[in-house]
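The values are calculated or read from the model by the stated rules, or taken from the named source; none is laboratory data. None of the values given here were measured: they were computed from a predicted structure. Note: ideal-geometry Cβ built from the backbone for every residue, glycine included; neighbour counts use all protein chains shown. Note: areas computed on protein heavy atoms with side chains; ligands, DNA, RNA excluded. Shrake-Rupley method; radii C 1.70, N 1.55, O 1.52, S 1.80 Å.
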Amino acid sequence: MKWWLRVANGAASGCRSACNNSPINRARFFPLAQAKRREVSLRSELGNIKLAVKYGQDRQTRQWLCPLLRQWGMGPHQKITPAWAEKLCFTVTATGSYEEAAQVASKWGEAVDDSILHALAQRVGQRAQEQTEQRLEKPPAERQPERPASRLAVLMVDGWMARFRGEGWGKKRTQKTRVDWHEMKTGVFYLQEQSARKEAGRGLIQDKVIVHCQGDAMELGRRLNWEALRGGLGRARQSLFLGDGAPWIWNLKRDRWNHALGLLDFYHGSQHLWNLGRSIQGEKQPALTQWMEPRLHQLRHGEEEKVLDEIAALKSRHGTAGEVIQREKNYFAGHARRMNYQSIARRGWPIGSGAVESACRQKQCRFKRPGQFWTQAGLSHLAALDQARRNHHWEQLWSPN
């Protein structure tokens with residue numbers, strides 16, 4: 001016996017239609033060889049369920065498959081229903097660990113072990129990573145093209161360190177490193193009109209893109225720029241780039257967003273001014289405070305040139321204090337054109353990179369917990385899954401086609 005299957009909305013009907021050569025469409029419309037019914041057991045949030053499904057061999061690809069499960073986007077060995085798998089993956093990205101996600105899931109569905117959540121998140125995260133790579137090969141389509149052009153697009157970049165398992169991980173005697181530290185580079189994009197303040201005065205960004213990756217800064221730039229263009233960067237009248245003093249950040253800005261106005265984060269600039277003040281005045285109060293307060297005020301309120309000229313005129317000294325003074329002189333000289341805080345603040349624009357600092361902190365709360373030591377694949381897949389949720393790619397991740 002042979003029949004033709006057309007799967008639509010979870011139902012199978014005998015119908016033949018024109019189609020392309022994708023495996024799913026072949027499963028829908030082409031006859032199956034050695035077709036038979038078989039029982040499949042699936043786990044759901046309501047418990048185990050059993051389905052009687054049609055199973056057979058695709059005559060063109062010679063692949064054995066179940067058209068119904070394939071239409072649902074399920075792999076041959078997947079035992080969790082798609083709806084429950086989606087809820088579990090969402091819970092994994094919204095909680096602090098696999099163990100915590102398992103505890104939360106047990107409150108609204110069937111109890112599930114954290115090892116199952118780990119395997120599920122890694123499998124779906126790998127799919128998210130593959131979809132990300134596919135998207136980057138094509139120009140982005142703006143997500144909300146009907147929205148008026150923004151007055152300002154904001155880009156922020158920073159980095160943080162994560163623990164990875166080294167080559168000597170798990171070995172009793174080895175000369176190889178057991179733990180490796182690698183920098184995770186993080187970028188944030190949002191439009192200025194998406195920022196607001198709560199009643200208590202705390203800042204709030206209603207919709208922002210958060211991108212992070214390990215290693216090459218230019219790869220972060222490629223990913224962040226794609227998401228930013230999708231979010232409206234291309235039509236923004238002006239753009240602002242903020243970061244701390246790390247050289248890779250400003251090399252990235254020059255390479256990817258050279259047209260944007262660059263601004264050194266005020267908090268980091270003030271930190272370096274404090275370092276300079278301690279080297280000149282020492283740690284004792286109130287002499288240090290008396291030296292710092294007027295210069296911080298000048299730096300913040302439009303008289304940065306006075307501060308920069310004074311720093312440039314400092315004489316060299318011997319010893320550790322002299323080394324710090326020379327290092328800070330070089331720092332301020334290198335960022336002199338990125339400290340026009342007063343003019344930026346008067347426009348209502350941000351002068352601090354708090355949004356990306358917050359994003360880094362949130363990532364560390366998930367990926368840098370006590371006792372966590374990642375593999376390359378383990379962190380990459382979970383990070384890709386998390387970004388799919390935050391950056392409006394979640395529905396595509398669960399689409400069967």
Would you confirm whether or not segment 318-341 contains a residue that is polar (S, T, N, Q) and either open to solvent by less than 30 Å² (accessible area, probe 1.4 Å) or in contact (Cβ under 8 Å) with a residue 60 or more places away in the chain (or both)? yes
Which pairs turn up if I take residues in segment 66-88 that are touching a residue at least 40 places away in the same chain (Cβ under 8 Å) and look for partners that are assigned to a loop (DSSP other than H, G, I, E, B) and of a type in the set (A, V, I, L, M) with beta carbon separation below 6 Å, at least 6 apart in sequence or on another chain? Pro67/Leu5
Of all residues in segment 351-372 being in a loop (DSSP other than H, G, I, E, B) and in contact with an Asp or Glu (Cβ under 9 Å, 6 or more places away or on another chain), the one that is surrounded by the fewest Cβ atoms within 10 Å (Cβ to Cβ): Gly352
Restricting to segment 110-166, give me the number of residues that are free of Cβ contacts under 8 Å to residues at least 24 places away in the same chain, assigned to a loop (DSSP other than H, G, I, E, B) and in contact with a helix residue (DSSP H, G or I) (Cβ under 7 Å, 6 or more places away or on another chain). 1
Of the residues that sit in segment 307-342 and are among the charged types (D, E, K, R) and assigned to a helix (DSSP H, G or I), which one is nearest to Trp248 (Cα to Cα)? Arg338
Quick check: anything in segment 287-307 under 30 Å from Gly215 (Cα atoms), surrounded by 12 or more Cβ atoms within 10 Å (Cβ to Cβ) and without any contact (Cβ under 8 Å) to a residue 24 or more places away in the chain? no
Select from segment 44-63 the residues that are touching a residue at least 24 places away in the same chain (Cβ under 8 Å) and open to solvent by less than 60 Å² (accessible area, probe 1.4 Å) and list them in ascending order. Ser44, Glu45, Gly47, Lys54, Gly56, Gln57, Asp58, Thr61
Restricted to segment 267-286, and to residues that are in a helix (DSSP H, G or I) and open to solvent by 40 Å² or more (accessible area, probe 1.4 Å), which residue is farthest from Met339 (Cα to Cα)? Gln281
Filtering segment 181-212 down to residues that are in a strand (DSSP E or B) and either among the charged types (D, E, K, R) or free of Cβ contacts under 8 Å to residues at least 40 places away in the same chain (or both), which residue is nearest to Ala384 (Cα to Cα)? Lys185
For Met339, the lone unmet condition from (1) out of contact with any helix residue (DSSP H, G or I) (no Cβ under 8 Å at 6 or more places or on another chain); (2) under 16 Å from Ser270 (Cβ atoms) is (1)
All but one of (1) part of a loop (DSSP other than H, G, I, E, B); (2) at pLDDT 90 or above hold for Lys172; state the number of the condition that does not hold. (2)
Looking across segment 262-306 at residues that are within 33 Å of the chain's Cα centre (by Cα) and among the small types (Gly, Ala, Ser), the single one that is farthest from Gln326 (Cα to Cα) is Gly262
